[in-house]
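Reviewing the structure listed below.
The values are calculated or read from the model by the stated rules, or taken from the named source; none is laboratory data. This structure is a prediction, so every number in the text was calculated from the model and none was measured. Every residue, glycine among them, receives a Cβ derived from its backbone with ideal geometry; neighbour counts consider all protein chains shown. Surface accessibility is based on the protein's heavy atoms, side chains included, excluding ligands, DNA and RNA. Shrake-Rupley method; radii C 1.70, N 1.55, O 1.52, S 1.80 Å.
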Amino acid sequence: MHIIFQTPRLTLRRFTEADAPLIFALNSDPEVLKYLHERTLKDEEDAGKIIIDIILPQYANNLGRWAIHINNSNEFIGWCGLKYRPELKETDLGYRLFKNAWGKGYATEAAKATLDHGFNELKLPVITGRAHIENIASLKVLEKIGMQYIKDEVVDGCPVKTYTISR
């Protein structure tokens, strides 16, 4: 297991191809995807393609979406991480958690640690975060971790609020 970092309650690690069932479970819940531009997955093969085509290539640059596990139970609760978006020329902070992990501070804890990792270990100059304009909980996470609101825009077909933070 390739651990990226740990927080007091969480461990973030790289995904592997064997994690297709985890991605499938997360991305097959319509409520989890409510504010995103993504469709629900139809099967684990679909999830495996996401891992191979989208998640794993980011690891070559030490970036990526990382699996989040609760330390005391090893329960998988979602992902958080950094992804380079060449079409926008930016590094994006993202996170996605199962509903049973919402409202417990896990997204904030993982996102804050991810920013620290991005600035202190990867020496990134700026990190961008976005959330759908109606996703109040996600917008609060971006604000709690110190990101500054920049503008409203449409990205990937979604109306979003864009935030950034600099090292």
| request: May I ask for the Kirkwood hydrodynamic radius of the stretch 99-167, worked out over all distinct Cα pairs and given in angstroms to one decimal? | output: 12.6 Å
| Normalised by the number of residues in the chain, what is the relative contact order in percent for Cα pairs under 8 Å and 6+ residues apart? | 18 percent
| query | Pick from Leu26, Leu88, Leu41: which is most flexible by mean-square fluctuation in a GNM of the chain where alpha carbon atoms under 10 Å apart are linked? | reply | Leu88
| field | Inter-part distance where the stretch 71-144 and the stretch 1-46 are each reduced to a Cα centre, Å | value | 13 Å
| field | 5 angstrom amide H check on Thr7, placed H, neighbours 5+ away | value | Leu12
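Go through 109-116, 44-51 and give me the packing order, highest mean Cβ count within 10 Å leading.
On the way: 109-116: 20.9, 44-51: 16.5.
Per-residue Cβ counts within 10 Å, averaged per peptide and sorted highest first, yield 109-116, 44-51.
What percentage of the solvent-accessible surface of the stretch 1-100, computed with a 1.4 Å probe over protein heavy atoms, is contributed by carbon and sulfur atoms? Intermediate results must be reported in sequence, preceding the final value.
Numbers: 2670 of 5180 Å².
Here carbon and sulfur together make up 52 percent of the probe-accessible area.
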| the chain - accessible surface per residue (Å², probe 1.4 Å) | 51 Å²
| field | For the chain, built as a Gaussian network whose Cα springs stay under 10 Å, the top-fluctuating residue of Gly118, Gly81, Gly146 | value | Gly146
